[in-house]
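The values are calculated or read from the model by the stated rules, or taken from the named source; none is laboratory data. Just so we're clear, the structure is a prediction, and the values are computed from it rather than from any experiment. All Cβ positions, glycine included, derive from the backbone under ideal geometry; neighbour counts span all protein chains shown. We work out accessible area using only protein heavy atoms, side chains counted, and drop any ligands, DNA or RNA first. Shrake-Rupley method; radii C 1.70, N 1.55, O 1.52, S 1.80 Å.
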Amino acid sequence: MNEYVIGVDLGTSAVKVSAMNHDGKIIAQQSYGYDLHQPHPGYNEQDPRDWLYGTTIAIDRLILRDGIKAEEIKGISFSGQMHGLVLLDADGQVLRPAMLWNDTRTTKQCEEIKAEMGDKFIEITGNRALEGFTLPKLLWVKENEPEIWAKAKSFLLPKDYVRYVMTGKQAIDYSDATGTVLFDIKKNTWSKEICETFDIPESMCPPLIRSIDEAGTVTNSYSMFSGLKTTTKVFGGGGDNACGAVGAGILKPNMVMSSIGTSGVILKYEPDANVDYHGALQYECHAIPDTYYSMGVTLAAGHSLNWFKHTFAKDEDFTEMVNRAAERPLGANGLIFTPYVVGERTPYADADIRGSFIGVDSMQNKYDFVRAVIEGITFSFRDILNIYDQHGQDFDTVVAIGGGAKSAFWLQLQADIFNKKVVSLTNEQGPGLGAAMLAAVGLGWFDSLQDCAKKFVHFGKVYEPQSAAVKKYDELYKIYHQIYDQTKDLSHQIMKLRNSWD
Ligand SMILES: Nc1ncnc2c1ncn2[C@@H]1O[C@H](COP(=O)(O)OP(=O)(O)O)[C@@H](O)[C@H]1O
Ligand SMILES: O=C(CO)[C@@H](O)[C@H](O)COP(=O)(O)O
């Protein structure tokens, strides 16, 4: 009989599921998209039921369309968009739409956390309190929706909610727990001090498990609903960047990952909890037990390009649009874009900054704009790489994953803007692959994730930096890098005005 593991990649734009065999071969993939709701500036929400139905439909398609038999599915694990708050009542029912990682309504709560705990907060959690994280969201609900807060008994993160419905058991893995900023990264447990300081009952925090731990098996009711067998084991899984790093083979210190999904990420493996970026970068538990990673996040990477396409090129094919941008000259005929369309996180933790096009010229066409968007997103990654440079961290290879890594043009652009070798995977589904690897190790198919990577992770083409392009992008980046400071005040004034008109 064939045996498969399924990696569920619960992204922001869609859920993608991949069925893999013992040899690390992807046998079938399905996906299902869902909406993002933005009712006010800074608000980003999704309905947890959309994730649940989307995941169930995508898995069903593996069974119904791709011919995978339910009894052949031995294990399932997850990669989930991080930080999102799913609030549950005493019956485990969802109390309000989930507030996502890119929801920036919590500036006031972040300022309160900083004022209350100062640097102690970074010492405990490894992170500054930023708008997207879970604790500020809990405090926002407590302050603004007291009737909902009164009913709240527990919280979960996005993938944990789907796993909870599958298994009937609430749990969270360590990588996603760090992203709540309620977690003590050195003691490896929920922080009593933070819970007490902000009056969050510790009983609301879900039980902690490792990414490779079995969280349960499929319940009878979920089996009836989905067609899965109750013998299928369900494993912890991890935050999407931890899983992306596993799937990209980022398993030792000299390796760095770039991910262009809805968000953009530069991530580095860290061997212990003591490397101190003093909150300039996020610091999280890895999905590999007892290891860590640091990362910087561009809030709107693929999201900026999606926004542009949706607004100005709705009926065009995505790949075709990107190909036409590739034909425009380097530097987009003098146009520079900053991707702050939902605010920014790294290096500028600023919920009120907004994007800009600088250098608009009547000789430019639509594809110069597309090219400028792609170049601007990639410059924002270079801002993150600067932080690693400032901390004396050196590496020469970047493994690229995410939807943006589908484009050879964008992979070469990364190599030229970073002035580093960029390596692609033979399949760009890094996070889903990482999730499947967690299930494979959890089932005992391999002794460790490192062993599993030897079979499952396959590097593709290597993109070398091209010196002429590197030089030009260096010059452009120097201008790009000034735009935040020079537009910050204008952006803030506009946001103030918008809020006063609301
Ligand atoms: N053919 C393509 N070329 C370049 N970028 C693409 C292409 N297709 C999708 N993308 C980008 O990839 C992003 C989605 O990446 P993905 O990793 O699937 O995101 P998420 O995990 O957030 O759902 C989109 O926002 C889009 O901008
Ligand atoms: O907030 C973060 C990481 O801190 C994001 O990376 C989210 O985890 C969303 O990821 P994608 O949907 O872009 O993969």
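Pull out all pairs, ordered by first then second residue, where Cβ-Cβ is under 7 Å, the residues are six or more apart or on different chains, the first lies in the stretch 59-88 and is basic (Lys, Arg), and the second is more than 16 Å from ligand 1 (Cβ to nearest atom) and open to solvent by 40 Å² or more (accessible area, probe 1.4 Å).
Between residues of the stretch 59-88 that are basic (Lys, Arg) and residues that are more than 16 Å from ligand 1 (Cβ to nearest atom) and open to solvent by 40 Å² or more (accessible area, probe 1.4 Å), the close pairs are Lys74/Glu3; Lys74/Lys233; Lys74/Leu443.
Scan the stretch 388-409 for residues that are assigned to a helix (DSSP H, G or I), away from ligand 2 (no atom under 15 Å from the Cβ) and among the hydrophobic types (A, V, I, L, M, F, W, C) and report the count.
Number satisfying all stated conditions: 2.
Looking only at residues in the stretch 79-134 that are surrounded by fewer than 22 Cβ atoms within 10 Å (Cβ to Cβ) and small (Gly, Ala, Ser), which one is nearest to ligand 1 (Cβ to nearest atom)?
Gly92
Just the residues that are modelled with pLDDT of 85 or more, more than 15 Å from ligand 2 (Cβ to nearest atom) and open to solvent by 10 Å² or more (accessible area, probe 1.4 Å), please, taken from the stretch 250-272.
Within the stretch 250-272, Tyr269, Pro271, Asp272 qualify.
For the stretch 460-468, does any single residue satisfy the condition of being touching a Lys or Arg at 6+ places or on another chain (Cβ under 9 Å), closer than 24 Å to Cys243 by Cβ and modelled with pLDDT of 95 or more?
Yes, the stretch 460-468 has at least one match.
If a residue has to be under 23 Å from the mean Cα position of the chain (by Cα) and away from ligand 1 (no atom under 16 Å from the Cβ) to count, how many in the stretch 142-163 make the cut?
Summing the residues that are under 23 Å from the mean Cα position of the chain (by Cα) and away from ligand 1 (no atom under 16 Å from the Cβ) in the stretch 142-163 gives 6.
Among the residues of the stretch 79-98, which ones are of a type outside the set (Val, Ile, Thr), closer than 11 Å to Pro158 by Cβ and away from ligand 2 (no atom under 12 Å from the Cβ)?
Correct list: Leu85, Ala98.
In the stretch 177-221, what count of residues is obtained for those that are open to solvent by less than 10 Å² (accessible area, probe 1.4 Å) and either in contact with a helix residue (DSSP H, G or I) (Cβ under 6 Å, 6 or more places away or on another chain) or not in a helix (DSSP H, G or I) (or both)? Explain how you work it out, then say what you get.
We begin by selecting, within the stretch 177-221, every residue open to solvent by less than 10 Å² (accessible area, probe 1.4 Å); these are 177-183, 185, 191, 194-195, 200, 204, 206, 211, 216, 218.
Checking the rest, the ones that are also either in contact with a helix residue (DSSP H, G or I) (Cβ under 6 Å, 6 or more places away or on another chain) or not in a helix (DSSP H, G or I) (or both) come to 179-183, 185, 191, 195, 200, 206, 211, 216, 218.
Going through the stretch 177-221 one residue at a time, the tally reaches 13.
Quick check on my filter: what residues within the stretch 222-249 are surrounded by fewer than 19 Cβ atoms within 10 Å (Cβ to Cβ) and either without any contact (Cβ under 8 Å) to a residue 12 or more places away in the chain or of a type in the set (A, V, I, L, M, F, W, C) (or both)?
Matches in the stretch 222-249: Ser223, Met224, Phe225.
Can you tell me which residue within the stretch 36-66, out of those that are of a type in the set (Val, Ile, Thr) and closer than 30 Å to Ser304 by Cα, is surrounded by the fewest Cβ atoms within 10 Å (Cβ to Cβ)? Break it down into steps so the answer makes sense when it comes.
Initially, the stretch 36-66 is screened for residues of a type in the set (Val, Ile, Thr), giving 55-57, 59, 63.
Filter again for closer than 30 Å to Ser304 by Cα, leaving 55-57, 59.
Details: Thr55: 26, Thr56: 21, Ile57: 16, Ile59: 26.
Filtering the stretch 36-66 for residues that are of a type in the set (Val, Ile, Thr) and closer than 30 Å to Ser304 by Cα, the one surrounded by the fewest Cβ atoms within 10 Å (Cβ to Cβ) comes out as Ile57.
Give just the number: which of (1) of a type in the set (D, E, K, R); (2) more than 23 Å from the chain's Cα centre (by Cα); (3) closer than 30 Å to Tyr277 by Cβ does Lys455 not satisfy?
Of (1) of a type in the set (D, E, K, R); (2) more than 23 Å from the chain's Cα centre (by Cα); (3) closer than 30 Å to Tyr277 by Cβ, only one is false for Lys455: (3).
Which residue out of Asp368, Asp352 is more than 14 Å from ligand 2 (Cβ to nearest atom) and in contact with a His (Cβ under 9 Å, 6 or more places away or on another chain)?
Asp352
May I ask you to list the residues in the stretch 9-35 that are exposed (fewer than 15 other Cβ atoms within 10 Å of the Cβ) and not in a strand (DSSP E or B)?
Going through the stretch 9-35, the residues exposed (fewer than 15 other Cβ atoms within 10 Å of the Cβ) turn out to be 23, 25, 33, 35.
Correct list: Asp23, Lys25, Asp35.
Can you tell me how many residues within the stretch 227-254 are closer than 27 Å to Leu64 by Cα and not in a helix (DSSP H, G or I)?
So the answer is 11.
Can you work out which of the residues in the stretch 277-319 that are charged (D, E, K, R) and near ligand 1 (Cβ under 9 Å from one of its atoms) is nearest to Asp173 (Cα to Cα)?
Of everything passing the filter in the stretch 277-319, Lys309 is nearest to Asp173 (Cα to Cα).
Can you find a residue in the stretch 327-339 that is among the charged types (D, E, K, R), open to solvent by 10 Å² or more (accessible area, probe 1.4 Å), under 21 Å from Ala408 (Cβ atoms) and at pLDDT 95 or above?
yes
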